[in-house]
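Let me begin by presenting the structure, written as structure tokens, before commenting on it.
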Number of protein chains: 2
Amino acid sequence: MSEFDFDINGIIETIKSKNCKIIGLQFPEGFKRKAVNISKEIEEKTGVSIIISGNPCFGACDLDTALAGKVDIMFHFGHSKMGKFANVVFIEARSNADVLPCIKIALPLLKTTNLGLITTVQHIHKLGEVTKFLRENGIEATVGKGDRRVSYPGQVLGCNFTAAHIDREEYLYIGSGIFHPLGVAIATGKIVVAADPYINTAMVVYPEKFLRKRSGYIAKAIDGKIFGIIVSTKSGQNRIELANRLTEIAKKHGKFAHLIMMDLVTPDQLLAFKVDAYVNTACPRITIDDAERFHVPILTPQEFEVVMGERKWDDLKMDEILENDVQE
Amino acid sequence: MSEFDFDINGIIETIKSKNCKIIGLQFPEGFKRKAVNISKEIEEKTGVSIIISGNPCFGACDLDTALAGKVDIMFHFGHSKMGKFANVVFIEARSNADVLPCIKIALPLLKTTNLGLITTVQHIHKLGEVTKFLRENGIEATVGKGDRRVSYPGQVLGCNFTAAHIDREEYLYIGSGIFHPLGVAIATGKIVVAADPYINTAMVVYPEKFLRKRSGYIAKAIDGKIFGIIVSTKSGQNRIELANRLTEIAKKHGKFAHLIMMDLVTPDQLLAFKVDAYVNTACPRITIDDAERFHVPILTPQEFEVVMGERKWDDLKMDEILENDVQE
């Protein structure tokens, strides 16, 4: 990941201009190995006291608020801004990977000449270049604004595809992994072409197999009597109102729903509770990515509504966390 | 573990008398499988709203303060009281295991007729019976008061052996596991006989092998240049003043010390940081029990002082957390 750069000089300037005495540094898992060297550089150049967060971190939704409460400024690395925390500064990671090669590979896969363009924050600075390139090839690309949980037009998160709610028949996603384009395909019901600038590939995303797998979990949970409704205390994941509403739905249908509140949600940690199924209101990726590691089915809120007969099976939606969903 | 009983009726009375609307339940790992049934019973008998803590929990030092902040009362199961939290009620676990059989096995191992008696909270209600039995066998047993971190005379924790600071030449420990009696043997430098009422065994504790192993870690850390000083934010483990003092010692000796703050301290989570050794100011048991699972040596504060030349090798002490050590 040497292709990522952080603006360390900007951090040093901020520390000096704000006259900080003690700062915090928080890194997501992929960048933690850089923590000690970055901390050393900042300390040597400013003399400030530094506390590094050792807690797991998987997103801008996952701020170390305990650490933020003990320092003048906490610098959170690798994600764009989310939420309103006065003393948290987000240090984004921008990739210098060239995105045009994978877009060239994607061109023959595109079906329309008027599509929506989406990406993750790592490549957000490349959207202008891509739009220009597509126009030269006869394709008009539109960048949706998204809601307040994203920082840039065209940006998608694993739990927020609002930048793709712009009424196009096709979306072109730039970035790695299948989760985001799959999410967009399900959230919009439209065609998504995913172009990966790290390995220079492009593919059309087909959500059918994924949806069949999810149907299996729904079917398994249908006879459940005892449900664990998971709520996270993480800064950008706390959907307690949704969890309370789901608990009421369970009661209405004569089921038992236990509200389980935690910080990090892991299959291991939930092994101990005797429930027939979990419903996850924390990070939606956990429900999908870790599904097979849970000892009982783990459902999205929408899937639970299907199980309870409160939502039609063919009205299933991708679980997203939107701008007014979270209690901070 | 069916031999443990919790006072559920007492909980129900408290909820009714305090007119609680919403309560929290926190269980340590060994009791989490009881959570759903206990929650169901309380809800059915009181109608109160309940949130169960899903976070890992390893002691009374490990309160779910986020949950406590959201409920009228949080009931914390399995440990005796620690700290000052107005709305936390501790529901102790008492074992009904018969302790006299293992004491009988211990009798021939005892060297003195005037010893100190210690145990964990699970067997604390049996100390009177044991004292009487020992007296009938010509042995005077004294129960030390301990400091404010323990709830009962004679009680020891994995990080607090102050109930054994009563100037006896020998201590008799009742309970399972080797950690507590080993800790007492090292903390006091006296003979400790450990009697286990679960498997009816008794043995003299020999700390030499353990101390040799620790010497190995100290030796490995002696050439270290970069140290990670771990501080926990857990309610009863936060020794930030100690951590700051250790950081100053490192600086004085030309070493680099990075303060790493976290909730749960695990080898996995610390794998990412590039340091030559860790110094753990959080739960002292982690340093000992998980030592082999860390990728670099992890030292107690006292061992780090030896490494820095600030403490003599033969003045090594067991790491304890005492009543004034913790920031709550």
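Could you check how many residues of segment B:287-309 are out of contact with any strand residue (DSSP E or B) (no Cβ under 6 Å at 6 or more places or on another chain) and crowded, with 24+ Cβ neighbours inside 10 Å?
So the count comes out to 2.
Could you tell me which residue of segment A:264-295 is farthest from the chain's Cα centre (by Cα), considering only residues that are more than 26 Å from A:N55 (Cα to Cα) and either within 12 Å of chain B (Cβ to nearest Cβ) or in a helix (DSSP H, G or I) (or both)?
A:K274
Among strands (runs of 3 or more DSSP E) lying entirely in segment A:164-248, which contain 1 or more residues that are of a type in the set (D, E, K, R)?
A:170-174, A:191-196
Which of the residues belonging to segment B:1-50 are open to solvent by less than 40 Å² (accessible area, probe 1.4 Å), closer than 23 Å to A:L246 by Cα and either among the small types (G, A, S) or touching an Asp or Glu at 6+ places or on another chain (Cβ under 9 Å) (or both)?
Matches in segment B:1-50: B:C20, B:I23, B:G24, B:Q26, B:A35, B:S39, B:V48, B:I50.
Which residues, taken from segment B:1-43, are within 14 Å of chain A (Cβ to nearest Cβ) and over 26 Å from A:Q269 (Cα atoms)?
Here is the first cut: in segment B:1-43, the ones within 14 Å of chain A (Cβ to nearest Cβ) are B:1, B:21-43.
Within segment B:1-43, B:K21 is the sole residue that qualifies.
Among A:I118, A:I124, which is the only one that is under 20 Å from the mean Cα position of the chain (by Cα), touching a residue at least 60 places away in the same chain (Cβ under 8 Å) and not in a loop (DSSP other than H, G, I, E, B)? Walk me through it before giving the result.
Working: A:I124 fails: touching a residue at least 60 places away in the same chain (Cβ under 8 Å).
Result: A:I118 is the single residue among A:I118, A:I124 that is under 20 Å from the mean Cα position of the chain (by Cα), touching a residue at least 60 places away in the same chain (Cβ under 8 Å) and not in a loop (DSSP other than H, G, I, E, B).
Since B:E140 meets every condition but one in (1) without any contact (Cβ under 8 Å) to a residue 24 or more places away in the chain; (2) farther than 17 Å from B:I321 by Cα, which condition does it not meet?
(1)
Among all residue pairs at least 6 apart or on different chains, which show Cβ distances below 9 Å where the first residue, located in segment A:159-186, is under 15 Å from A:K145 (Cβ atoms) and the second is of a type in the set (D, E) and open to solvent by less than 20 Å² (accessible area, probe 1.4 Å)?
So the pair list comes out empty.
Tell me which residues, restricted to segment B:244-263, are hydrophobic (A, V, I, L, M, F, W, C) and more than 9 Å from every other protein chain (Cβ to nearest Cβ).
Hits for segment B:244-263 are B:L246, B:I249, B:A250, B:A257.
For a quick check of your reading: which strands (runs of 3 or more DSSP E) sit entirely within segment A:1-115 and have at least 1 residues that are touching a strand residue (DSSP E or B) at 6+ places or on another chain (Cβ under 9 Å), closer than 26 Å to A:E129 by Cα and of a type outside the set (S, T, Y)?
A:73-77, A:88-91
Return a yes/no flag: does segment B:250-258 have any residue that is among the charged types (D, E, K, R) and within 22 Å of the chain's Cα centre (by Cα).
We begin by selecting, within segment B:250-258, every residue among the charged types (D, E, K, R); these are B:251-252, B:255.
So of that shortlist, the ones also within 22 Å of the chain's Cα centre (by Cα) come out as none.
Looking through segment B:250-258, none of the residues is among the charged types (D, E, K, R) and within 22 Å of the chain's Cα centre (by Cα).
For segment A:102-113, indicate whether the set of residues that are open to solvent by 50 Å² or more (accessible area, probe 1.4 Å), touching a Ser or Thr at 6+ places or on another chain (Cβ under 8 Å) and in contact (Cβ under 8 Å) with a residue 24 or more places away in the chain is non-empty.
Yes: segment A:102-113 contains one or more residues that are open to solvent by 50 Å² or more (accessible area, probe 1.4 Å), touching a Ser or Thr at 6+ places or on another chain (Cβ under 8 Å) and in contact (Cβ under 8 Å) with a residue 24 or more places away in the chain.
Which pairs do you get when a residue that is within 17 Å of B:L259 (Cβ to Cβ), found in segment B:301-319, comes within reach of a residue that is loosely packed, with under 13 Cβ neighbours inside 10 Å and modelled with pLDDT under 95, reach meaning Cβ atoms under 7 angstrom, with the pair 6+ apart or on two chains?
none
Of all the residues that make up segment A:250-261, how many are out of contact with any helix residue (DSSP H, G or I) (no Cβ under 7 Å at 6 or more places or on another chain) and either outside any helix (DSSP H, G or I) or surrounded by fewer than 21 Cβ atoms within 10 Å (Cβ to Cβ) (or both)?
The first filter runs over segment A:250-261 and keeps only residues out of contact with any helix residue (DSSP H, G or I) (no Cβ under 7 Å at 6 or more places or on another chain), leaving A:250-255, A:260.
This time we only want the ones that are either outside any helix (DSSP H, G or I) or surrounded by fewer than 21 Cβ atoms within 10 Å (Cβ to Cβ) (or both), so: A:251-255, A:260.
So the count comes out to 6.
Which condition does B:Y278 not pass, out of (1) within 17 Å of A:A35 (Cα to Cα); (2) surrounded by fewer than 21 Cβ atoms within 10 Å (Cβ to Cβ); (3) not hydrophobic (A, V, I, L, M, F, W, C), if it passes all the others?
Result: B:Y278 passes all but (2).
Sort through A:G30, A:G24, A:G69 and tell me the only one that's within 26 Å of the chain's Cα centre (by Cα) and under 16 Å from B:G228 (Cα atoms). Walk me through it before giving the result.
Details: A:G30 fails: under 16 Å from B:G228 (Cα atoms); A:G69 fails: under 16 Å from B:G228 (Cα atoms).
From the options A:G30, A:G24, A:G69, the qualifying one is A:G24.
What single numbered condition from (1) farther than 17 Å from A:I226 by Cβ; (2) at pLDDT below 95 fails to hold for A:A272?
All conditions pass for A:A272, except number (1).
Looking only at residues that are within 13 Å of the chain's Cα centre (by Cα) and β-branched (V, I, T) in segment B:160-189, which one is least open to solvent (accessible area, probe 1.4 Å)?
Result: B:V184.
Return yes or no: is B:S95 among the small types (G, A, S), touching a helix residue (DSSP H, G or I) at 6+ places or on another chain (Cβ under 6 Å) and either on the phi < 0 side of the Ramachandran plot or within 14 Å of chain A (Cβ to nearest Cβ) (or both)?
Working: among the small types (G, A, S): yes; touching a helix residue (DSSP H, G or I) at 6+ places or on another chain (Cβ under 6 Å): yes; either on the phi < 0 side of the Ramachandran plot or within 14 Å of chain A (Cβ to nearest Cβ) (or both): yes.
Answer is yes for this residue.
Residue-by-condition table, conditions (1) open to solvent by 70 Å² or more (accessible area, probe 1.4 Å); (2) under 21 Å from the mean Cα position of the chain (by Cα); (3) not hydroxyl-bearing (S, T, Y):
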| site | (1), (2), (3) |
| --- | --- |
| B:I191 | no, yes, yes |
| B:D196 | no, yes, yes |
| B:I199 | yes, no, yes |
| B:Y206 | yes, yes, no |
| B:F210 | no, yes, yes |
| B:S215 | no, no, no |
| B:I218 | no, no, yes |
| B:D223 | yes, no, yes |
| B:F227 | no, no, yes |
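Only residues in segment B:52-77 that are within 7 Å of another protein chain (Cβ to nearest Cβ) and under 20 Å from A:I240 (Cα atoms) count as the first member; pair them with residues that are part of a loop (DSSP other than H, G, I, E, B) and of a type in the set (S, T, Y), Cβ under 6 angstrom, at least 6 apart or cross-chain, and list the lot.
Partner pairs satisfying both residue conditions: B:A66/A:T233.
Out of everything in segment B:77-101 that is at pLDDT 95 or above and under 24 Å from A:Q327 (Cβ atoms), what residue ends up being surrounded by the most Cβ atoms within 10 Å (Cβ to Cβ)?
B:V88
If a residue has to be more than 10 Å from chain B (Cβ to nearest Cβ) and of a type in the set (G, A, S) to count, how many in segment A:220-239 make the cut?
The total comes to 4.
The values are calculated or read from the model by the stated rules, or taken from the named source; none is laboratory data. These numbers were taken from a predicted model, which means no experiment stands behind them. Glycine gets a Cβ as well: all are built from the backbone with ideal geometry, and neighbour counts include every protein chain shown. These area figures cover heavy atoms from the full protein model, side chains too; ligands, DNA and RNA do not enter into them. Shrake-Rupley method; radii C 1.70, N 1.55, O 1.52, S 1.80 Å.
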